[in-house]
Amino acid sequence: MTETMTSTESTETLSVTDILTHDQINSRLHHYANLIGNADDDFSKAEKAYLSSTHPSRHASDEAQAISERDFLPALEEAERLAVATARAARSSTIAIRDQVASTEIPTLTRADMEAAGHIAGLIETDSARMALRQLIVEVKAALASGDKPRMYVWHRALGARLSAPSVLDRLDSEATTQLNTARRQMAEKLRDRSGDPIRDRTTILIDRAHTLEVRASLRAREVERTRRVTEGTIVPFPPL
């Protein structure tokens, strides 16, 4: 039997409130994966035991069969509750980690590239502020095609300032604005720190696992509740089609 934990313990364990190193992130993601795996295992075992109890036995009376089902139902409900709580907490914390990694992927340069960027920053910033958007598109595309990191870095920053406070004329040319925003994203992608890519991949897988478990447990909980209400006569099942 895998180790179980209360939802309070799960939520506290999975909270992410500080900035983590890559080693700390990998350790937490491993921990979250184990928690989800344990909750999934416990839920599957409880579900299997409950479903087995619902199959009538040739040697059991109706009363004995009902008692058998009632014996396994609390364990299933508890496993459902823990599975949903654990999955939600793990997913929330993993999303926080994914967002932290994304926030550190802003364009960065080596010291030498930063010095080179400093030499051209004034000219590019002036051009970015004064040129028409259509002229900027030509310059920015040329910077992208060049692969020159210092040049792209400065254009990325300068465009951010221009596009964040558009003039009246800028607002009239939405197509050019869209093209410049796209080019700025492309520059950011070329410049970003890729050391966090393996972590991003792990978070995507873990978020999907947590979501799948939460949905599965929630659906089972609704089905059990519906079966109980039908048995008690509080609702009438739909007739077969």
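Matching residues to (1) among the acidic types (Asp, Glu); (2) over 30 Å from Gln24 (Cα atoms); (3) modelled with pLDDT under 95:
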{"position": "Gln135", "(1), (2), (3)": "no, yes, no"}
{"position": "Val138", "(1), (2), (3)": "no, yes, no"}
{"position": "Ala143", "(1), (2), (3)": "no, yes, no"}
{"position": "Ser167", "(1), (2), (3)": "no, yes, yes"}
{"position": "Pro198", "(1), (2), (3)": "no, no, yes"}
{"position": "Thr212", "(1), (2), (3)": "no, no, yes"}
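To keep it simple, each residue is scored yes or no on (1) modelled with pLDDT of 50 or more; (2) under 20 Å from Ser92 (Cα atoms).
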| residue | (1), (2) |
| --- | --- |
| Thr4 | no, yes |
| Glu9 | no, yes |
| Glu12 | no, yes |
| Val16 | no, yes |
| Ile19 | yes, yes |
| His22 | yes, yes |
| Lys45 | yes, no |
| Ser52 | yes, no |
| Ser57 | yes, no |
*asked:* Just the residues that are touching a Ser or Thr at 6+ places or on another chain (Cβ under 9 Å) and over 16 Å from Asn34 (Cα atoms), please, taken from the range 196-208.
replied: Gly196
*asked:* Out of Asp193, Asp173, Asp113, I need the residue that is more than 28 Å from Gln100 (Cβ to Cβ) and either surrounded by fewer than 13 Cβ atoms within 10 Å (Cβ to Cβ) or not β-branched (Val, Ile, Thr) (or both). Which one?
replied: Asp173
*For the range 178-212, which residues satisfy the criterion of being within 23 Å of Ser93 (Cα to Cα) and not in a helix (DSSP H, G or I)?*
Asp193, Arg194, Ser195, Gly196
*Given Ala90, Ala132, Ala79, which one is in contact with a helix residue (DSSP H, G or I) (Cβ under 8 Å, 6 or more places away or on another chain), outside the structural domain of Asp42 (by TED's automatic domain parsing) and among the aliphatic types (A, V, I, L, M)?*
Ala132
*Which residues, counting only those in the range 146-176, are farther than 24 Å from Ala117 by Cα and β-branched (Val, Ile, Thr)?*
Val168
_Based on this model, can you work out whether Ala217 counts as crowded, with 16+ Cβ neighbours inside 10 Å, under 25 Å from Arg91 (Cβ atoms) and in contact with a Phe, Trp or Tyr (Cβ under 7 Å, 6 or more places away or on another chain)?_
yes
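The values are calculated or read from the model by the stated rules, or taken from the named source; none is laboratory data. Since this is a predicted model, take the numbers as computed values, not measurements. Ideal geometry is used to build each Cβ from the backbone, glycine not excepted, and the neighbour counts take in all protein chains shown.
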